[in-house]
Amino acid sequence: MANPNGSVTIHAKIGTAETCITDNSDQTLVTYNLNVVAYNTNNEDNIAVAVMYPHITNISAKM
């Protein structure tokens, strides 16, 4: 249920998946797909937001 000020309570799930891609010189690179899904569990306000950031090659970007 929405709060009187119009906000809703949300929950979120994050994930990281290791993947591989081939670059222009046929080298295999390990990359990461980062994602987050935010949603509410209220039947009155159906809200879901998903963001995916694919093929990150910089390990620092993962942290």
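Over the chain, Cα pairs under 8 Å with separation of 6+ residues give a relative contact order of 31 percent.
Dividing the Cα radius of gyration of the chain by its Kirkwood radius returns 1.23 for Rg/Rh.
Read the figures in this text as sums done on the coordinates, not as results from a lab. Remember, predicted model here, so these are calculated numbers, not experimental data.
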